[in-house]
Amino acid sequence: MRVLLKCLQALYSLYALIVWLGIMFLILPPIVLVSFLGKVRGGNIVFYFLRFWAHVWFPAVGIWVTKKWKSPKTNDPCIYLANHSSYLDAALAVKVMPLAFRPLGKSELSKIPLFGLIYSRSVVPVDRKTAKGRAQSMKDMMYMLQHRVSLLIFPEGTTNETEQPLLPFHSGAFRIAIETQTPIRPVLYVDNHARLAKIKFMSLNPGPCRVIFLPAVPVAGLTMEDVPHLKKQVRQMMEEELRKYRHYPSYQAI
């Protein structure tokens, strides 16, 4: 029986990969074309093609996605902060995050021929190595927010492989929110780790993917001195809500 289950899992994973690549190759030519339309307009159109891919792929592999808003949805730009527990997070974000938005991404990937052009339209490249790079990254973020494009940031900084709901948060996202005076909207990807573990593609399995949008957290009037309190407030909100949907070990202060 175990051998049979492993064979079925392998076939399912192979099928999911083939569908993934098939849809991606289908939309790649128009994505390349619209990438030349600029960071804002071109990038926004790129996400419509990526959203088409996500809307097809998730149901095709038996993963059904549901969204729940804990407060009214608005069209104002904000900074979405999401928990990071799986490689599936990026794909799910394409499907569920309100357009227009951009995740933050490593600036080095923008230098890859052709792919770099598409990548730079799909993310806000971030370079933390030099003061000049950090200043340019902040400028790019502010540019997007001014053009009513929201940002998506994973404040944990890496994939959470612990048994706790969240890793410690980095301060960068909260500094950006305060510096740009942009409200924070916490987002929870509840089931992604259960659907796909970090580097175990063969662990992919069908089932639910629940997404919870928590109430927005205003930052108007806050200063950099408020970063520790704001970080603690948002992390507590996210952890308390995650514990309502999944079982975790007893709370550990971090």
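The values are calculated or read from the model by the stated rules, or taken from the named source; none is laboratory data. No experiment lies behind these values; they were computed from the predicted model shown. Glycine also receives a Cβ, built like all others from the backbone with ideal geometry; neighbour counts cover every protein chain displayed. Please note that ligands, DNA and RNA were not included when accessible areas were found on the heavy atoms of the full protein model with its side chains. Shrake-Rupley method; radii C 1.70, N 1.55, O 1.52, S 1.80 Å.
Summary table
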{"read-out": "The chain: relative contact order as a whole-number percent, Cα under 8 Å and 6+ apart", "value": "25"}
{"read-out": "Shape of the stretch 202-254, Cα gyration tensor, a/c cut at 1.5", "value": "prolate"}
{"read-out": "Aspartates and glutamates with Cα under 14 Å of residue 129, excluding same-chain neighbours fewer than 8 positions away", "value": "108"}
{"read-out": "Charge dipole (the chain, unit charges on Cβ, about Cα centre) - positive-most of 213, 234, 64", "value": "64"}
{"read-out": "Rounded percent of accessible protein surface that carbon and sulfur make up, the chain, 1.4 Å probe", "value": "64"}
{"read-out": "List 229, 84, 193, ordered by accessible area with a 1.4 Å probe, largest first", "value": "229, 193, 84"}
{"read-out": "Cα-based Rg of the stretch 171-219 normalised by 2.2 N^0.38 Å, two decimals", "value": "1.59"}
{"read-out": "Rounded, prolate or oblate (a/c below 1.5 giving rounded, otherwise prolate when a/b exceeds b/c) for the chain by Cα gyration tensor", "value": "oblate"}
{"read-out": "Interchain or long-range residues, amide H under 5 Å from residue 63's placed H", "value": "207"}
{"read-out": "Ratio of Rg to Rh over the stretch 19-138 (Cα coordinates, Kirkwood Rh, two decimals)", "value": "0.97"}
{"read-out": "Accessible surface, per residue, of the stretch 173-254 when the full set of protein chains is kept, probe 1.4 Å, Å²", "value": "51"}
{"read-out": "For the stretch 27-84: accessible area per residue (Å², 1.4 Å)", "value": "50"}
{"read-out": "Beta bridges per DSSP with both ends in the chain, % antiparallel, nearest 5", "value": "15"}
{"read-out": "For the stretch 1-149, size of Cβ-based charge dipole, Lys and Arg +1, Asp and Glu -1, in debye", "value": "300"}
{"read-out": "Charge dipole of the chain about the Cα centre (unit charges at C-beta), most positive-ward option of 169, 196, 13", "value": "13"}
{"read-out": "Helical segments meeting 20 Å axial Cα length and Kyte-Doolittle 0.0 threshold in the chain (DSSP H)", "value": "2-34, 41-60"}
